[in-house]
Structures are given as C-alpha cells and as structure tokens.
1. Are there any pairs, at least 6 apart or on different chains, whose C-beta atoms fall under 7 Å, with the first in segment 289-316 and in contact (Cβ under 8 Å) with a residue 12 or more places away in the chain and the second basic (Lys, Arg) and surrounded by 11 or more Cβ atoms within 10 Å (Cβ to Cβ), and if so, which?
2. Please work out if Val168 is modelled with pLDDT of 95 or more, farther than 16 Å from Ala402 by Cβ, in contact with a helix residue (DSSP H, G or I) (Cβ under 6 Å, 6 or more places away or on another chain) and not charged (D, E, K, R).
3. Can you tell me which residues in segment 248-266 are among the β-branched types (Val, Ile, Thr) and crowded, with 24+ Cβ neighbours inside 10 Å?
4. Which condition does Thr323 not pass, out of (1) modelled with pLDDT of 90 or more; (2) farther than 20 Å from Ser360 by Cα; (3) of a type in the set (Val, Ile, Thr), if it passes all the others?
5. Out of Leu94, Leu62, Leu76, Leu58, report the one residue that is at pLDDT below 85 and surrounded by 14 or more Cβ atoms within 10 Å (Cβ to Cβ).
6. Mind checking which helices (runs of 4 or more DSSP H) fall wholly inside segment 25-134 and carry at least 2 residues that are of a type in the set (A, V, I, L, M, F, W, C) and within 27 Å of Arg152 (Cα to Cα)?
7. Can you find a residue in segment 150-165 that is under 30 Å from Leu293 (Cα atoms), at pLDDT 95 or above and of a type in the set (S, T, N, Q)?
8. Can you work out which of the residues in segment 155-182 that are under 20 Å from Pro442 (Cα atoms) and within 16 Å of the chain's Cα centre (by Cα) is surrounded by the most Cβ atoms within 10 Å (Cβ to Cβ)?
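The values are calculated or read from the model by the stated rules, or taken from the named source; none is laboratory data. Since the model is a prediction, treat every value here as computed from it, not as a measurement. For neighbour counting, all protein chains shown are included, and Cβ atoms are generated from backbone atoms with ideal geometry for every residue, glycine included.
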Amino acid sequence: MLVAVCAAAGAATYQPLLVIGTCLGAALVALVWVRPVAAAYLLIGLTPLVAGIDRGVLIPVLRPNEALELLMGATLAARWLVGVRSGGVSFGRLDTVSLGVLLLAVTNSVTPLAAMAVRGREITTDDILYSLVLWKLLGLYWIIRASVRTAREVRVCLVVSLGVASIVAVVGVLQSLDLLGVRGVVATYYAQFGNSAAIAVIPRGGSTLSLPAATADLLIMNLAVLTGLWLRERWHPVLFGAAAALLTSGTLAAGEFSSALGLVLAVVLLAWVSRSWAVSAVFGALGAAAAVLVWPVIAARLQGFSMASGVPPSWLGRWHNLTTYFWPELFSRGNVLLGVRPSARVPAEGLRTGWVWIESGYTWLLWGGGIPLFLSFLYFTVVATSRGWSVARSRSDAVGAAGTATFVGFAVIAVLMVFDPHLTYRGSADEAFVLLALTAVPPSREGTAWARHPTRTAGARPAADDAQRTGQTTDDEVVRT
C-alpha cells in the first residue's frame, strides 16, 4: 500500500524531490510506529551530521534535524494517543528532572513573552523562535524516554552516538588542518547565513555542527560515554585508546579556550565519578599527543596573546559586545527581574551576519528570562547532575555509562556557561538531553547495582560474573531465588 501511495504521488506531480521526501517520511513513520526505538537511533545518529545545515537550505524554516525531530515526535505522540484510547498506556509521573526541563522551557518563553506583552514591547518572530528552543529540547527528552525501554537499547544508542561523534571529530580535525579539501566542503554546505568566509579562513574545527564550541561539547560528552562503557565492559583497550585519542583531538581542534578548559574539567570529573584516577593519567597522555597533532590550530589561537593589548581580539570583542549591546539594557528599568526578551541577539550594522549574539551563558539566562530562568537553570543543573551521579554509581550496565556522561556533561555545561550559552548549542545540547533521558531507563534483571558494593570501582566486574567463574552463589542470586 505504501508503494502504491508513493507511485500515485509520483504520477500526480512532477516534483521528484518532493515525492522522494514524502516517501521517505512515510517509510520513517511506518518504521517508528512498528519499532519506536528507531526514533532514538535516527535522532542520535543524524542530528550531529545535519544540525549545522542552516534553516531553509534543505527544508523551509527548519534545520533537517528539527524536521526529523518533529516527524518522530508526531509519530510517537499519535502512537501514544492510540494506546491511551485503547487503555494500554497510562500517564507517567512527573519527576524532578522532567520538572526541571519544563521549568526551563516555561521561564524562557511564557514568562518573558508575558512580561513583554504587559510592558507593551513588540514581540518579534525572533523572540518566538528563540522561545521554542528549550521546548524543542524538552520534546527531544520525551521522545527518547518514550522510545528507549531497555538497557540493551541504551547501549545501542550510546554506540551510535560514539560512531557519529567519531565522524564529527574526523571532519573537525581535517577542517582545522585544512586537509583533503574538507574545509571547502564544510564552507559550502554548513555556512551559517551564507557566511562561508568564516569557515574558509578561520582554522577551527566546527565540523558538521558549524560551531566549534558545540563540536567540542559533543565530543567531550562522547568521551565520557566512551569511558563509562569501557570501564564497565573492558573491551579492546587499543580500540578504546584510539577512539579516545580521536575525540580528544577533535575537541582541541575546535580551537576554543573554553573547550580546552571543559576537557580538563571533564577528565577530573570522570576520574571522580568512576573512582578511577588512572583515567586522568591516560587522558593526560592522550591530550598531549592530540595537542601535537593539532598544534597549528593551538598556535594560531595563542598568537592572540601577542597583541598590544595582551589578550586575543575575540576576548576584547566579547567584552565590547556585552558592555555595549546587552548589559546596559539588562541592568536598567528592572529588566533583570523578568528578562529583556527571549531573542539572544540584537541587530548590528556593519557586520556580515547583521547580528550580535550574547557571548555569556549566564547573561543569556538573565536576558532571556530574568531571575526565574536563572533559578530554573540552577535547579535543573542540580537535579540533572544528581541523576547522572546516582545512576553512574548504582548501575553497571549501559545506563550507568549514560549516567556518567550526564553527570560530566551537565557539570561541564554549568561551568562553560560563564563564557557562552552552552545549554542550547545545536547538536551538543541535543546530545546532553538525550543522555539525560537515557538515565531514566529502569534496571533489567541482569543489571547489578554498585550500591551493594560501595568499594567497587567503575571498571570492576559485577559479583555475579565472578560467581559464575567460581561456582559460588551471590546475594543477588539468593534474592532472585
């Protein structure tokens, strides 16, 4: 029937791309309806590769990953409604993490827009679009929660994430070093606002996200995923080392000082949550090797300190923008209480893009939602990192690895928000909320908790595995019996 519908559409029109897109969309809907976890696999595998394609290039109004998320969400919502009508699905409980995400979305949209309406300020299309960003992330969070049900599916999600992150890292390294013509390809297909010169001239690895800091965030979180999985499974140390070196190289190839700080912080947090301080030594060696590989990128960034001012020009530009375009408006007329507007940019003449963006995450919180959004972020960070820590310490399966990455990812985001709004960066923010959703998957019968063995390190085998080799009976087996 599906083939017949597609054939009829092709016969009725002379727009082959539209027909192909319609058929592909119908096939994806059918796939997700039959196998919901496919929605998670598709979003995790495709988002980092297409999130850097600007809106309107392939699909009107939306980025490709946004269109895919909308299609997957609508399909799962329809499937859920059918289940509710048949009595096969019940309403879930709103936990603290879900509440935290919801508070972020509300205080970045409803609250500031209502305040703007009361004050008589014009609400622009830009304000509407920016107010939907956290709702999009909330939708992604629930798509993953609704589609991923078992620890085995979580493991597949993490492996897919590692695979696509490796591709992003390779592209970023080649782009930063201007090898194999990759920089030109990225400038052609991933330029934002048509500003291909920003990619063709600047030696930084923005990769397929077209944003170096977002690329580095994505790779840091996947480095935590890789470490969490390896400490639990101990598979192929050479492969682990190669993958870790690649992700570390991609992070440094982004050429961002904040990303280098985030990488160091992530290594410390990984050693802390896993109680395996050897991790820091391993990543120290890998970081040194990666720095040698991408040294031209690092050297180009360090040249900024040779200026007469003693600091890179980008730092001076950041300070100028904050003190000229944002802080005067934010800290006047009580705007800091409920925010100025959801839009995180202001028009500026003379710039190629025509806009100046907020280059401070905590300034963005106050600008976009005032004190309510700022407090919502603090609450969300606490509950998200607490969830990640708890799951990482209590689960020895892939969900525990997702917990490790969640704890590390949101802790790093909280620190790097001093410099930029990392919470909403395209691609990396999606990754963070995906990992957070994966930590909600309940334990399976074969999962073994670390809580019963508080001295166990992150890489230790569960007691049940040791018992199988020695023929002994464990406490877990007694309980199950």
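1. Matching pairs, first to second residue: Val297/Arg204.
2. yes
3. Across segment 248-266, the qualifying residues are Thr248, Thr251.
4. The number of the failed condition is (2).
5. Details: Leu94 fails: surrounded by 14 or more Cβ atoms within 10 Å (Cβ to Cβ); Leu62 fails: at pLDDT below 85; Leu76 fails: at pLDDT below 85.
Being at pLDDT below 85 and surrounded by 14 or more Cβ atoms within 10 Å (Cβ to Cβ) holds for just one of Leu94, Leu62, Leu76, Leu58, which is Leu58.
6. 37-50, 64-86, 96-107
7. Within segment 150-165 (the criterion being under 30 Å from Leu293 (Cα atoms), at pLDDT 95 or above and of a type in the set (S, T, N, Q)), the answer is yes, since at least one residue qualifies.
8. Let us first name the residues in segment 155-182 that are under 20 Å from Pro442 (Cα atoms), namely 155-159.
Next cut, within 16 Å of the chain's Cα centre (by Cα) only: 157-159.
On the way: Cys157: 27, Leu158: 24, Val159: 15.
Per the criteria, the residue is Cys157.
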